[in-house]
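Notes for the one structure printed next.
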Amino acid sequence: MTDCAACNLFKKMYGRMVAFADRVLQPLVLLTFRAVWGYKFFQVGMGKLGNHDGVAEYFASLGIPAPGFHAWFIGGLECIGGLLLLLGLFSRPIALVLTINMIVAYATAHSQELFGVFSDLKPFLTVEPFFFLLTSVLVLAFGPGCISLDALVSKCRCKKQAAGCCQK
């Protein structure tokens, strides 16, 4: 095999790998994160709503203003936001709000882990908000993937527009 033939073979194999990752792995990874952590967001939100007084007391101990209101708001946000993530509906807007929510959770309840991230990464990675934050950031950055209601809505909208509007 000549150098050019080897390079062409490598390019061809690499192209196939990238196509497989784009068409198969990316949607499955995004679906898995959305499904698992969207459901977990829902569960945690329901727990906050079901234990409003305890959550409000905890928020007050953290110095969060209007702890009663914020206990309802955060519980509802996590509950509804989790379901929206799970379904892949309004994914990027809700991921933005949930990302902000998780940054606030780190800054208030886990400030040592947040601000010590550059000296010791392990505590940052092992506290409860980490995977919630990771999932929110993944969906914010990459979208919900093609296995989502957002993709279905987009596809339906495209069919109503001129032919070829959504083709890459």
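A few notes on this one:
- Sum of side-chain charges, VAL139 neighbourhood, beta-carbon under 13 Å (Lys, Arg +1; Asp, Glu -1): +1
- Net lengthening on full extension, PHE73/ALA6 (0.36 nm per residue, minus Cα-Cα): 18.2 nm
- The string of couplings for the range 6-21 from the Karplus curve (6.51, -1.76, 1.60, θ = phi - 60°) is 5, 5, 5, 5, 4, 4, 5, 5, 4, x, 5, 5, 5, 4, 4, 5 Hz, one whole number per residue in order, with x for Gly and Pro.
- Annotation: Cα Rg of the range 27-160 relative to the compact-globule expectation 2.2 N^0.38 Å equals 1.12.
- Among LEU85, LEU62, the order by Cβ neighbours within 10 angstrom, fewest to most, reads LEU62, LEU85.
- Whether the range 88-164 is rounded, prolate or oblate, judged on the alpha carbon gyration tensor where a/c under 1.5 counts as rounded: prolate
- Summing Cβ point charges (Lys, Arg +1; Asp, Glu -1) relative to the Cα centre of the chain gives a dipole of roughly 1120 debye.
- Separation of the ARG157 and GLU57 label points, Cα + 7 Å toward Cβ, nm: 4.6 nm
- VAL137-VAL18 pseudo-label distance in nm [points 7 Å out on the Cα-to-Cβ vector]: 2.5 nm
- Of the residues LEU86, THR108, PHE118, the one whose Cα sits farthest towards the positive end of the charge dipole of the chain is LEU86 (charges of +1 on Lys and Arg Cβ, -1 on Asp and Glu Cβ, taken about the Cα centre).
- Linear extension gain, ASP120 paired with VAL29, 0.36 nm per residue minus alpha-carbon span: 30.0 nm
- Judged by the mean number of other Cβ atoms found within 10 Å, the most tightly packed of the peptides 134-144, 65-75 leads the ranking 134-144, 65-75.
FYI, it's all coordinate maths here, none of it is from the lab. All figures in this text were calculated on a predicted structure; none of them were measured in a lab. Neighbour counts are summed over all protein chains in view; Cβ atoms, including those assigned to glycine, are modelled from backbone coordinates with ideal geometry.
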